[in-house]
Structures are given as C-alpha cells and as structure tokens.
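A short write-up of the structure that comes next.
The values are calculated or read from the model by the stated rules, or taken from the named source; none is laboratory data. None of these values were measured; they are calculated from a predicted model. Cβ: placed from backbone, ideal geometry, glycine included. Neighbour counts: every protein chain shown. Calculation scope for accessible area: heavy atoms of the full protein, side chains included, ligands and nucleic acids excluded. Shrake-Rupley method; radii C 1.70, N 1.55, O 1.52, S 1.80 Å.
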Amino acid sequence: MRLKLYQEKVLKELKEYLVALADAKKEFEEIAELKPHFAKHINFPKEAWEKSTGRLIYNSKTNGLEEPLPDIYLKVPTGGGKTLLACHAIDNIHKTFLKKQTGLVLWIVPSTQIYRQTISALRNREHPYRQILDISSGGRTLIKEKTEMFNRLDVYEHLIVLMLMLPSANRQNKETLKVFRDQGGFTDFFPREDDFEGHKKLKELIPNLDCFTTEMEVFGTQIKTSLGNTLKTLRPLVIIDEGHRAYGELARNTVKSFNPSFILELSATPPPNSNELVKITGRELHEEEMIKLDIHLTNKTSLEWQDTLLASYEKRNELEKKAREYESNTGEYIRPICLIQVERTGKDQREKKFIHAEDAKEYLIKKCNIPENHIAIKSSEKDDIEGIDLFGKGCEIRYIITKQALQEGWDCSFAYILTVLTNPSSVTGITQLVGRILRQPFARKTKIKELDECYVYTFRQTASTLVKEIKSGLEDEGLGDIAGRIVSDEAGTDTGGLKDRDIKYRSGFKKFEGKIYLPKFVIQEKESWRDMNFEVDILSEIDWENISIAELNNLSLQNKKNKEQEIVLGLSSVEKEILKETSRAEKSGTLVIDEVFLTRQITDIIPNPWHCYQIGVKAVKMLLKKYDREIVATNFVFIIEELKKILDKERNRLSEQVFRQMVEQKKLYFFLITDKGVFVLPSRIKVKSNKQLVRNDNTPIQKSLFDYVPEENINDLEKSVAIYLDEQEKLLWWYRNMSRQDYHIQGWKRNKIYPDFIAADLPTGQAGKQKSKDDYGTVYVLETKGIHLKNEDTKYKQDVFTLCNELGAKKAWKELFKEFPDHDFAFQVVFEDEWQNKINQLMQ
C-alpha cells in the first residue's frame, strides 16, 4: 500500500526521533555502567526529544520500575490511517530503537468495535497491515488475544502482537483483573514453583511483579504466573490506539505497570500534557484525497421528521445514479450509504414521543418502497451489519439506522449521508457521528463533485447550534482546521466558519484574464495533444531487463547465525543464555529464504511480477556467493529493505532515461498548446477565508494577480516569500499556485510537482527599459523549501526545473503556434536560507 505524503512525513519525523533516542539511550547505558548513581538523573527520552524536535517542553514519563519511558503521540485525524501508521511504526521502533525484529508488542484499543476491526485485519495475511508486520518480522508474525498462550521461544522467534482492550474507566473492572490472574500457561517465563530463591531474585530485579505472598511468610516470595507479570518481564512495545480514551488515571497506571520499553499513542485528539511528536491536519488529509469535503448541511424547517428522511432518501438515490455512472466509466464500485440517527432502538422503547429505529425502517419500506434487505439496524441489541462486507457488490445495504452504536471505530467510506432525526432538545446530537461520513472511498477523489462530498440532514434545529455541533464533531475527529468547510443548504444560515469568497483578477490585471499560459509536458496523438501520463508513457516503456542490482554486491550482512536463545531474568549473572533442547527443538531459529515472499514486497516498485521474481532470485544468488545460506536467511528482511532502495533508485534512473529519450526523439514536448493540454490560470476562484494576507506593515497586498489572498492557505515561509514578491518594483504580478488543483509539472517520477508561486515581471525593451504594464515579461515558477527539506526529492525537482528552463529557452512551440506571445519562463527552487538572494537575482 503506497503511503500518502503526510504518512511519509509522520514516519520520517518518527524515524528522526528514534535515531536520536537510540543515541541518547546508548550514552545513558554507558554512563549507567560507569556511574550508576549519576545515571539516575539522566532523562534520555527528553534529551532525544529536544535534539530531534528542537522543542524544550517534554512531559517526562516513567514505567513501573521508575525508569525513563519514551511516550509519544502521533496526532492523526479520523480517516488518516492510524492503524497503517502504527504497523509501520512498529517496524521503525523495533529496528531503530530496540534493535530487533521480534519480540512482544502490546496493542491496546478502547472499544469492542475497534478491537474486532483491528484483529481481523492483522490476522488476514492478505491485508496490507499484516503484510507490513510480516515484512518487519520476516514472515514470522503471531497475533494473539489475552486468552491465548505463548512461550519464551515464541517471543524470541516471532513478532507477537498481543491485542488487549483496556477500559478507560478509572476503576479496576473484571477485564482488567483477568490480566493479573495466575495462569498456568505462562510458567515458561518464571522460575519453577519450588525455586524460592529464583522467585526472590526475579522479584529483586523486577520489584513490581505481583506475588501471592510476602517475603516475611514461611515460603517467601511466590510470583504469579499471570499475563500481567509476563508483560512486565518482557517489557513490551506498547501501541495505544485512540490514546486519549485510555487516559483514566488507573488505566494509565495499568499500562505503565507493564514496564513498557516504549509507548506510542495514536489519536485524533491527544490530551493535555502529551508529547505530540507530529501533528497531521485535516487539510493535509483533504489534499491527499482521504476525506470528503465539503460537508453539506440541510436543516429542514418542516415539523415532521419524515420530510427530513425523505430528503435524504432522494439525495441517496441521486448519489447512486452518479455512482453507477462512475462505475461504468472506471469499473470502481461505490454504493452510497445513508446513516440515520434515531432516538430509540430498544425493543421495548417504541413510544410515540420518541423516534424509534423501527419507525424509520417502516417509513422507508412503506413510503419509499425500499426493500427490507436494503435496511440494517445497528444497536446494542440488534446488529444487522455484523459480519457483513459493506464494500462487497453482493451487499444490498443502503441504509443503516442507529442511535449511538456507530460512534466509535466504525469505518465505511461508502457512508455519504448522515440523517439526524433526534429531537432538537435531545442530548444525543450529531457530534460523534459526523466523522463516520468523512472518509473518501478508495482514498481517491472521483472527480465527480457529488461523490467527493458528504451530506447532513436535520430538522427543527437551530442553525448556529447545528454548526457548533458539527464543528465540535470535527474537532473530536482531529479535523478542527477544516471546520470551515461546512456548506449550509439552508438559505440565510450562518455557517459560523470561514466566509465564502468568490475572488477574481484585480482590476489592473483584467487584461490578462484567460491569457496567462504555462507550458506542460505533452504528447501528440494524431491531430491532438494530451498530458504526459507517468504510468502509461514512462513506466510502461522501461526495459526492466536493464535494471542493475550490482550495488547489492556491496551489501554487508551481519556475520552471525540465528541461534536459539532465551532471556533469563534474575536467574543468572549472564543475561542471555543458549536455549536448551526442549520438546519443541524441531523448530529451527533460522529464517527461511522465500523468493515468492520477496517478490510480493517489490511489486510496488516494479509493476511486472515476473521481472520481480527474476530480480529476487538473482539477488539471492548474488548473496549466496558471498555468504552461507543461514546468514542470508538471518538477514533476509534487511536484504529486502536494501534491495527496495536499490530498485527505487534504478526505477528513477530508468524513468529519467525514458523521459529524456522521449524529449530528444520529439515524442515528448514541453509546450504551450492551444487545445486540451494547455494550462491557463483560472479567471475566478472560490475560497473560504476570514483573513486576507497583508504586508508586514499591515498595508494591503498590491501585486497579487487576484484581489484577495487567503492567509489561512499559506505557511510561514510561503507568507514571507509572497510579501517579498509583492514588494519588488520590477514585479508585475504574482499568483499563489494551489496544490492538487492548479498548475503542475509531471516529471519522471509518479508524483506531480505543484510549484508554490507563479509570478511575472514587467517586460523590458531593447534598451533594457521597462515597457508598459499592458503585457508581462518573464514568468517565474517558484517552489519554496524549508532548509530541513534539502533532500533527494528536492534534487529531483531541481533537475526537472533545470530541464524546463533548457526546453523553455528554445520556445519550440513557436514553430507551431506563432500567435503565442514571446514570453520567457524561469523555473526555480528556492530554500529558506537563500530565497531572498535567489529572488533578487531573478528580479535583476
């Protein structure tokens, strides 16, 4: 599963923290060995935090042994793929910080719904989540529940993910107490029952183990062989999904008592005093096409709830027609679902003064002629969607009626409409349910407006209260920054959010409207031109036989065999011992070389499975010439990771070759063209904004192409560049290019380049003097980058821009289109530490 840009950002920042954490811990351990008393005052997680983030505020945590505990939050909104990120994070934490690829992961979730969804996905070997874990463990992943046993050899040889549902209530309940109950299945982790000295030593090493007796009694300490104590001895990596729900003090202390080595918490709304390593906004999700926006709110004025339900029924039918058109054109199936919130669902609660689930169902069947199998009720008593694949073509469900049962953890991107039939005075509002309709099917926009947005229908509500509730719901889902994308379909309703604005060219620039053209990479087909497509025109032309993996010869493998070992805690002065022969001795500790498994891991880079298999076989043979089979098997996961890096570089190299050859052979043109392939700056733009960008002295922006520039859509660096451009005397106009929707350049990599700014200076005459403002001279295409983003991707953009400058200088389109104005184009990447100098050079 290809990661979105914001997901790559999350994992990149996590990796940077883990590298700093590993270094800080190593230094801590060295000091602890030489000066144990001094080491007690060292907080290595805090030092790593300050080094990697540059932030001084860090909320220090300790585990049950009072040891420094790395405990960080990833703030990811609903629909952002928290589980996917958690799986990748497990891999990163194990390899970068814990320096291993097996061991125990304790995965904690707050509700039954999330528990079922997560464990179902992790146990499915075909699911992307499980595949990520299998890559990390070399195909040795075990998914366990608290009722299932495991032993020491399992922990050593496998990546064990133990699922646990921890209540957020501030009390000890039966579920929590079961974890600490003595169980015979975990005796492998403890001394024999009659080894009182062993129990004593283990208790001294891990003082917070639960015991049956105290040291003062006749037989001394007797440690419980419970799951809770097993966790304490193994010091697991802890993943907490929706971490803010486990923030009851007792629940928090319960997790810490397991002596975790690292706690990673993922939530849309981290609580106060949490260490928020990275924050993803709703805007980032929207830009990556993960969520449906806008949210259309229709508040029916009718006193009858049936009218509201009828309106949502009609909207759903309209969406289904659009979905069928979309399927006929693309082959992708969408069945829009309407969620209906009622006031009562209980069998004995059907009273006239409350709207019951059966009332809504009866109306749909009798008045709207909806087949009964198209309607499901989801409540604590009745669950018509249990075990149903709502995404399957064989599923008929189009309406789901509920009260609160879908509020947490439920996920179906086919849900488009929320119909709220609760009484205005009812405390069960729409706050929790609004997030259930936000996810975009397939995490990709359909380009059909109706199918890329979502809808809320209510009745007899106060407009301001409605918007407040929806905004509150968005904030609870971590999407507070997009709360302004609520569109009221009720005339005169105050959205309470950002103001709709229809912005247009400044009066002085009206003469340029529809006449500002920008070149693109295009291909000629018969008598017309089309945009270059990466998959169709570049990737398909690569000769994969030319791919080179010679770099793999330089790979150094860890020269040790994978011996079976166990960790003996407190029973020996030597921490690690060779595992003695047991009844399970036939289980080898050696990983298996599996070329088919390797093939599956590289098909996201090379689209042809046959070539992938051939490359995998070749890679294994190369390494077997240098190392024996057992060492290659031991390093198999590392080999796959390094091979993927090599193949990614090779794909980029070959893609660039194909791209440049097509340019040389005049199959690919960098052209200004007059038909479909041309890009013209828009004449009008719709934005939502309450704050206009101004200069540093608070005077209005003067040279922006449009008469209004929203400050909400621009970061600090872009703001500085925009204001600086606006103050340049030689500059005629500038435009803030919008990512994902405006001008872009398709290079030899998959992702398009969306520059940040387009600007034009005044034309100059033969003597170098500036001409009239009736025309513009050079058009500048600018991409801004923070200093910390000088990386391989930036180098790629610089190379593409350099080629654009070379081709643009030739103005090859003049051979075909002489009517185009004789403008120059300059493409430039400018960095945070040099942008003023670069702009000065451009404007000379």
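Structure notes:
- Test: residue in the range 260-276 that is in a loop (DSSP other than H, G, I, E, B), of a type outside the set (Phe, Trp, Tyr), closer than 26 Å to Tyr457 by Cβ and out of contact with any His (no Cβ under 7 Å at 6 or more places or on another chain): yes
- The residues on offer are Asn559, Asn554, Asn533, and the sole one that is open to solvent by 40 Å² or more (accessible area, probe 1.4 Å), modelled with pLDDT of 80 or more, closer than 30 Å to Arg629 by Cα and not aliphatic (A, V, I, L, M) is Asn554.
- Which numbered condition Thr147 fails, given (1) buried (at least 21 other Cβ atoms within 10 Å of the Cβ); (2) out of contact with any strand residue (DSSP E or B) (no Cβ under 6 Å at 6 or more places or on another chain); (3) free of Cβ contacts under 8 Å to residues at least 60 places away in the same chain: (1)
- In the set (1) surrounded by fewer than 18 Cβ atoms within 10 Å (Cβ to Cβ); (2) in a helix (DSSP H, G or I); (3) modelled with pLDDT of 90 or more, Leu231 fails one condition alone, (1).
- From the options Tyr115, Tyr58, Tyr73, residue that is among the aromatic types (Phe, Trp, Tyr), part of a helix (DSSP H, G or I) and either closer than 25 Å to Arg2 by Cα or open to solvent by less than 30 Å² (accessible area, probe 1.4 Å) (or both): Tyr115
- Qualifying residue in the range 286-295 (condition: closer than 27 Å to Phe391 by Cα, in a helix (DSSP H, G or I) and free of Cβ contacts under 8 Å to residues at least 40 places away in the same chain): no
- Residue in the range 781-800 that is at pLDDT 85 or above and open to solvent by 50 Å² or more (accessible area, probe 1.4 Å) present: yes
- Of all positions in the range 131-142, at least one carries a residue that is farther than 25 Å from Thr225 by Cβ and open to solvent by 50 Å² or more (accessible area, probe 1.4 Å).
- Residue list for the range 79-96, filter: out of contact with any Phe, Trp or Tyr (no Cβ under 6 Å at 6 or more places or on another chain) and open to solvent by less than 10 Å² (accessible area, probe 1.4 Å): Gly79, Gly80, Leu84, Leu85, Ala86, Ala89, Ile90, His94
- If the condition is being within 37 Å of the chain's Cα centre (by Cα), outside any helix (DSSP H, G or I) and exposed (fewer than 14 other Cβ atoms within 10 Å of the Cβ), then the range 346-382 contributes Ser380, Glu381.
- Any chance Leu21 is touching a residue at least 12 places away in the same chain (Cβ under 8 Å), in contact with a Pro (Cβ under 9 Å, 6 or more places away or on another chain) and either more than 22 Å from Ser274 (Cα to Cα) or surrounded by 22 or more Cβ atoms within 10 Å (Cβ to Cβ) (or both): yes
- Applying the condition of being under 20 Å from Ile685 (Cβ atoms) and in contact with a Phe, Trp or Tyr (Cβ under 7 Å, 6 or more places away or on another chain) to the range 743-754 and asking which residue is most open to solvent (accessible area, probe 1.4 Å) yields His744.
- Among the candidates Ile538, Ile578, Ile567, residue that is modelled with pLDDT of 85 or more and aliphatic (A, V, I, L, M): Ile538
- Residue within the range 629-642 that is over 30 Å from Ile602 (Cβ atoms) and among the charged types (D, E, K, R) present: no
- Consider the range 610-637 and keep the residues that are in contact (Cβ under 8 Å) with a residue 60 or more places away in the chain and not in a helix (DSSP H, G or I). The one that is least open to solvent (accessible area, probe 1.4 Å) is Asn635.
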